[in-house]
Amino acid sequence: MNMTLTVFVNDQPVTIYRGMQVKHALIALNESLYQAAVAGELQIEDRHGFQVDLEGALQEGSRIFTKAKPEE
Amino acid sequence: MKRACKSALLLVLLLLLVPPQVAGLPATRLTVLHVNDFHGHLLPDFNKTIDGISPVGGAARLARMVADERAKNPDGVLLLSAGDMFQGTPISNVFHGRSVMDFMNYLKFDAMALGNHEFDWGTDILRQLAAAASFPFLAANLQDLHGEELPPIKSHILLERKGIKLAVIGITTPDTAFTTQPRNVAGLIFQQPAAILPPLVQELRASGADLIAVLSHSGLDADLAIAAEVSGIDLIIGGHSHTVVTEPLCVNRTIIVQAGSNGAYLGVLELEIDPSTHKIVDFSRKNELKPVLSAPADPVEEKAAAIVARFNKQIKAAFARTVGETAVDLIRNPGTESNVGNLLADAFREASGADLALLNGGSIRTDIRKGKITLEQVYTLLPFDNQIVTMDLSGAQIRQILEQNASSTHKKLQVSGLTVRYDLTQPAGRQAVEIQVGGQPLEDVRTYRMATNDFLAAGGDAYTTFKAGANLVYGDLVRDVFSAYLERKSPVRPQIENRIEITKP
């Protein structure tokens, strides 16, 4: 079994170790995305437009997108 | 997906036109309440909000919402969990999940799938939790080396509500085998769901189950694949990807739901069932997830609140517990070696059995004065839920990391099992002028076992070389490793040992 996964953050491929989560994919692509998500400035959505959180699990080919958090 | 859902909708409409009305019987209404990835969130989260005002989650509010749903459909409610209920907050972790277990028993859950984090404290704790539960823990794809179930964990349970027989099968992610500390899953086999589900679904149908539900701790993408591959599943109640599935998905007539994470939502899936065929003819397509909002005016269930309060009171005592003692002040130093960095890196290395350990200075968040060290201080020192990971790196890769560290604006990596001399008068890329591992010069072609945390392993602080490791193994939470180290080694007296020397221009 492959030890790494390729997932896509904002359509950019990112390689992470199997078992890593949404937060790791953001860190791997661009740590500022992770920091913005932690600060609540961004929310993360999957390919269906459903929100996921930073501890969400990923699998090979998962696609996530960072979105500016809507004004409340 | 859209086509499948439309087909299902058409079928539903056709069915709605025929059996119940012909028979003159109203549809039977069942309510499937579901949560997943609760991760010990017994207390409301005051840092998160869904409506922009209220704190989110909390067991007392969740319990009230469950009670309200039960009142709406007496005898027709099931309460299910798709796993990862225990690990994640001090009020649960300190008690190894017993606080959440008491809450779940009080709430009379009907079943729970095992999540990967149910293995975080080892199989002994898992068995204790399962034995304490008033409902079954389910994992049909979990076996021991002899192909047997792991008592008291079961593959499935048969439930009956209003004359409808519902089989609930548990599935845990096969990734558990390698995303968990190896000693916690030793002797366990996690099979692929698609391999074990078809015969089990068939067997349960043959034994009289009207409906088949899979409690799946696999992630939404995996659940979609299961629904596409395995026929005969009516519902997949998912977890693991922490997905807020606001509107149920539908693949090949299988309804798929998931309720986010951390108790922020209660899934309320209403099923309309033909009383003569016992088939689902309709289900709640909108607003299936109910936000668990915990503003002061939101009513709570007082007995659940009392359970939480009881453990919350104990947590204060648990946090005040002394886990160790230091004979010297533990002081950070962002620019170079620190004694607290040495202590932590030593704990990493010992716990993992690695040749060396590297950790980011930014992960160490406070100093600790000489004297007793409480559990609360450990949490303040290490507030992030980082996990130890161990991997193979070549000497050349280690050199590359240290060269990057020499010129990095980030705090210096803290080290154990390794010494490095940085000469910042040299050009970038040639500043780590002397590196030794275990007292011997670093060999570029040799493979070393290196321990770090998951933040650096993901490439945090721009250290991309960590992402190129081999044979990665996940370990325990850094906090737990450090607490255990202090308990064994106290009093500790870490010193500056010239593990890092810097010649400045």
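Observations on the model:
- Tail weight of P(r) past 42 Å, computed on alpha-carbon pairs of the protein assembly as shown, percent: 25
- Each of B:337, A:55, B:118 was scored by other Cβ atoms within 10 Å of its Cβ. Listed from fewest to most, they are A:55, B:337, B:118.
- Charged-residue dipole, Cβ positions (Lys, Arg, Asp, Glu), chain B about Cα centre, Debye nearest 20: 780
- Using a Förster distance of 30 Å, the FRET efficiency for residue B:252-residue B:186 (Cβ separation, nearest 0.05): 0.20
- Only lysine pairs 8 or more places apart or on separate chains count here, and in region B:387-505 those with Cα atoms under 21 Å apart total 4.
- For chain B, the relative contact order comes to 16 percent (Cα pairs under 8 Å, sequence separation of at least 6).
- Quotient of the Cα radius of gyration of region B:188-266 and 2.2 N^0.38 Å, N being its number of residues: 1.10.
- In range of the label at residue B:106: residues from region B:258-281 whose backbone nitrogen is under 20 Å from the point 7 Å along Cα→Cβ: B:262-267
- Once the Kirkwood radius over Cα pairs is known for chain A, the Stokes-Einstein relation at 4 °C and 1.567 mPa s delivers a diffusion coefficient of 108 µm²/s.
- Integer Hz, Karplus 6.51/-1.76/1.60 couplings in order for region B:206-214, x for Gly and Pro: 5, 8, x, 5, 7, 10, 10, 10, 10
- The stretch between residue B:146 and residue B:165 holds 3.7 nm of extra length on full extension. This uses 0.36 nm per residue minus the Cα-Cα distance.
- Restraint check, B:48/B:370; B:154/B:286; B:108/B:165; A:23/B:372, Cα-Cα greater than 26 Å: B:48/B:370; B:154/B:286; A:23/B:372
- For residue B:284, the residues 5 or more places off, or on other chains, whose built amide H falls under 5 Å of its own are B:270.
- Three semi-axes of the equivalent ellipsoid, region B:437-476, Cα gyration tensor, whole Å, largest first: 20, 13, 10
- Note on region B:364-404: semi-axes of the ellipsoid equivalent to its C-alpha gyration tensor, largest first and rounded to whole Å, are 31, 13, 9.
- Each helix, a run of at least 4 DSSP H residues, gives -39500 (n - 2.57); summed and divided by the residues of chain B, these come to -9000 deg cm²/dmol at 222 nm.
- Applying the Karplus relation 6.51 cos²θ - 1.76 cosθ + 1.60 with θ = phi - 60° to region B:168-176 yields 3J(HN,Hα) values of 10, 9, x, 9, 10, 5, x, 4, 3 Hz, where x marks Gly and Pro.
- Global form of region B:177-320, assessed from the alpha-carbon gyration tensor, a/c cut-off 1.5: oblate
- Distant alpha-carbon pairs in region B:303-366 (separation over 19 angstrom), percent: 54
- For region B:369-443, the Kirkwood estimate of hydrodynamic radius, built from reciprocal distances between every pair of different alpha carbons, is 14.7 Å.
- For region B:407-505, taking the reciprocal of the average inverse distance between every pair of different Cα atoms yields a Kirkwood hydrodynamic radius of 15.9 Å.
- Region B:72-161: C-alpha gyration tensor shape, a/c 1.5 cut-off, then a/b vs b/c: oblate
- Stretchable slack from residue B:202 to residue B:497, in nm (0.36 nm times residue separation minus alpha-carbon distance): 99.7 nm
- In plain terms, the residue of B:407, B:416, B:490, B:207 with the fewest other Cβ atoms within 10 Å comes first and the most crowded comes last, giving B:207, B:407, B:490, B:416.
- Summarising the label geometry, the points placed 7 Å from Cα in the beta-carbon direction at residue A:11 and residue B:320 lie 5.8 nm from one another.
- Counted over the protein assembly as shown, the DSSP beta bridges are approximately 65% antiparallel.
- Region B:45-112: proportion of alpha-carbon pairs further apart than 14 angstrom, %: 67
- Segment residue B:436-residue B:328, extension gain: residue separation times 0.36 nm, minus the distance between their alpha carbons: 36.2 nm
- Estimated inter-spin distance, residue B:48 and residue B:306, nm [label 7 Å along Cα→Cβ]: 2.9
- For region B:118-201, convex hull of alpha carbons as volume per residue, Å³: 96
- Packing-based exposure ordering (other Cβ within 10 Å, fewest first) of B:48, B:108, B:286: B:286, B:108, B:48
- Normalised alpha carbon radius of gyration of chain B [divisor 2.2 N^0.38 Å]: 1.12
Just so you know, all these numbers are worked out from the coordinates, no wet-lab data involved. The shown structure was predicted, so the numbers you read here are calculated from the model rather than taken from an experiment. FYI the Cβ positions are ideal-geometry reconstructions off the backbone, even for glycines, and counts take in every protein chain you see.
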